[in-house]
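In what follows, a structure is listed as structure tokens, so that the remarks can point back to it.
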Amino acid sequence: MQLLYRRVNGIPVRYVVADLNNPQVRVGVVTARRLGRDESIWQLLARSKPTAAVTGTYFSTTSKLPVGDIVIEGERVHFGGVGTALCITYDNQVRFIRQKLHRQHDWRNYQLVLGAGPRLLQNGQVALYPPGEGFRDKRVYARGKRVAVGVTKHNKLLLVVVERPISLRQLARVMRALGATDAIALDGGGSTSLYYRRQVKVLPKRRLTNLLVVYEDRTVYENRIARLKPQNRLALR
């Protein structure tokens, strides 16, 4: 696993590269201990102990509930029904699946699901249509700090953070320049965060409800699974 830095079209970018062809590498989501609450990034990291992490899906600033579906080790712990989901199988194959608005999806074949979005790239092409994914909040469209996740044709997972305010279209171009064939946006703005090997490289300006976490040691991940999940289950209709 590597943390890299480069400029793409003059935009400074920091990103983690994780080789999903390595069976030791595992990807997960850590949520707040209870859904409907937020926590400091330090609390989330202390419980999950990942190698690397970035901000996960969006959440309501009033209810503190995540916007997208969350599946951890095959168990759906939250239903959101909005956006496009990062989906990873038990053998580390990546899919990006657009969710039907407010309708349940069968996630049984996936070890991890994180519903976020909007989709940035599909098969190497810019594929932006936020309204079709249920995104109506103007803050999604405004220029801002950005976080994204993508996959390359060689099955490398990219966790990308851009601290300079940019548009979604610029973010899509950044992801393509980094080699991603498919990608989605994650929660950014004041939630933007990046952690790598015991150091918080980008500190969020607010408390969070979830992080996308990556491990280079499968045993560490397996020992943390129970601590990644919330103690309660809400909106599992």
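The values are calculated or read from the model by the stated rules, or taken from the named source; none is laboratory data. None of the values given here were measured: they were computed from a predicted structure. As a convention, Cβ positions derive from the backbone with ideal geometry for all residues, glycine included, and neighbour counts pool all protein chains shown.
Any chance you could count how many residues in segment 35-63 are within 17 Å of the chain's Cα centre (by Cα) and either of a type in the set (Phe, Trp, Tyr) or at positive phi (or both)? So the answer is 3. Among all residues of segment 75-96, there is none that is in contact with a Leu (Cβ under 6 Å, 6 or more places away or on another chain), farther than 27 Å from Pro130 by Cα, hydrophobic (A, V, I, L, M, F, W, C) and not in a helix (DSSP H, G or I). Within segment 129-156, residues that are aromatic (Phe, Trp, Tyr) have Cβ atoms under 7 Å from residues that are at pLDDT below 80 and surrounded by 14 or more Cβ atoms within 10 Å (Cβ to Cβ) in these pairs: Tyr141/Pro130, counting only partners at least 6 apart in sequence or on another chain.
Assess whether Lys100 counts as being modelled with pLDDT of 95 or more, basic (Lys, Arg) and over 12 Å from the mean Cα position of the chain (by Cα).
Numbers: modelled with pLDDT of 95 or more: no; basic (Lys, Arg): yes; over 12 Å from the mean Cα position of the chain (by Cα): yes.
Spelling it out, it is not the case that Lys100 is modelled with pLDDT of 95 or more, basic (Lys, Arg) and over 12 Å from the mean Cα position of the chain (by Cα).
Reported count of residues in segment 17-35, each being under 30 Å from Ser63 (Cβ atoms) and either among the polar types (S, T, N, Q) or buried (at least 17 other Cβ atoms within 10 Å of the Cβ) (or both), is 8. Of all residues in segment 210-237, those satisfying the criterion of being modelled with pLDDT of 95 or more and part of a strand (DSSP E or B) are Asn210, Leu211, Leu212, Val213, Val214, Tyr215.
When restricted to residues that are farther than 19 Å from Ile88 by Cα and either of a type in the set (Ser, Thr, Tyr) or in a strand (DSSP E or B) (or both), segment 173-191 contains 1.
Kindly indicate the residue of segment 7-16 that is touching a residue at least 24 places away in the same chain (Cβ under 8 Å) and assigned to a strand (DSSP E or B) and also surrounded by the fewest Cβ atoms within 10 Å (Cβ to Cβ) among those meeting that condition. Before the answer, list the steps.
First pass over segment 7-16, keeping only residues touching a residue at least 24 places away in the same chain (Cβ under 8 Å): 8-9, 11-16.
Next cut, assigned to a strand (DSSP E or B) only: 8, 11-16.
Values: Val8: 17, Ile11: 17, Pro12: 12, Val13: 24, Arg14: 18, Tyr15: 25, Val16: 24.
Within segment 7-16, the match that is surrounded by the fewest Cβ atoms within 10 Å (Cβ to Cβ) is Pro12.
Out of Leu203, Leu194, Leu159, Leu178, which single residue is at pLDDT 95 or above, closer than 19 Å to Ala85 by Cα and of a type in the set (A, V, I, L, M)?
Numbers: Leu203 fails: closer than 19 Å to Ala85 by Cα; Leu194 fails: closer than 19 Å to Ala85 by Cα; Leu178 fails: closer than 19 Å to Ala85 by Cα.
The unique qualifying residue is Leu159.
Residue by residue through segment 181-226, note down the ones that are free of Cβ contacts under 8 Å to residues at least 60 places away in the same chain and among the aliphatic types (A, V, I, L, M). The one that is free of Cβ contacts under 8 Å to residues at least 60 places away in the same chain and among the aliphatic types (A, V, I, L, M): Ala226. Within segment 32-47, residues that are under 18 Å from His78 (Cβ atoms) reach partners that are among the small types (Gly, Ala, Ser) with beta carbons closer than 6 Å, at six or more positions or on different chains, in the pairs Asp38/Ala32; Glu39/Ala32.
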